[in-house]
Amino acid sequence: MGPLSEFKKYILEILTGSKSLVIGMGITFKRLFMPIVTVQYPRRKLTMTPNFRGHIEAIYFDDTKSHHCVACGLCVRTCPSHVIKVQGEKEKAGERKYGQKYYIDFTKCSLCGLCVDVCPEKTLTFSHEYELAYLSRWDGVIDIMRRLEAVTK
Ligand code: SF4
Ligand code: SF4
């Protein structure tokens, strides 16, 4: 390969590189005048759509000033990931149980929604919470009854 063809190749590379640069800058310039669709997370957070499936939470009912879980265990038996543990107590003999503790391991929950659908008391739902990152696997095991108390205090 002679010095002339080397020079041609060099010029061609410069032209190709310049063309890519102009195309890239054109896209950047066009974006400057388009509506902003990103937010400065975590300083700003998006409001999720009504159908968004965040992690499972207990529903607060005004009549009992709490959830309606009766610790029947149906959700525990239905969960395909086996990540639910429920403990309930009866205040008096002959009364229905009342759910006291309700742990879900969100590091393994697939958010399939079967627990929400199967609950006879309709006391579970999807939250709009999307921050599901934890520093330890144990941080992902959450008592949703305690969480309900904390958010309704
Ligand atoms: S959403 Fe699915 S995987 Fe998660 S706890 Fe409920 S049943 Fe189990
Ligand atoms: S959340 Fe519903 S299905 Fe699960 S134990 Fe409580 S009442 Fe039963």
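Key figures
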| item | result |
| --- | --- |
| Residue check for residue 152: under 17 Å from the mean Cα position of the chain (by Cα) and away from ligand 2 (no atom under 14 Å from the Cβ) | no |
| Subset of segment 112-153 [part of a loop (DSSP other than H, G, I, E, B), of a type in the set (A, V, I, L, M) and farther than 22 Å from residue 80 by Cα] | 135 |
| Of residues in segment 81-92 being more than 6 Å from ligand 1 (Cβ to nearest atom) and on the phi < 0 side of the Ramachandran plot, the one surrounded by the fewest Cβ atoms within 10 Å (Cβ to Cβ) | 92 |
| Unmet requirement for residue 107, which otherwise passes all of (1) in a helix (DSSP H, G or I); (2) closer than 25 Å to residue 136 by Cα | (1) |
| Where residue 75 falls short, out of the listed (1) of a type outside the set (D, E, K, R); (2) away from ligand 1 (no atom under 16 Å from the Cβ); (3) part of a helix (DSSP H, G or I); (4) closer than 29 Å to residue 141 by Cβ | (2) |
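Bear in mind that the values in this text are calculations on the coordinates, not laboratory data. Everything numeric here is computed off the predicted structure, so don't read it as measured data. So basically every Cβ, Gly included, is an ideal-geometry build from the backbone, and we count neighbours across all protein chains shown.
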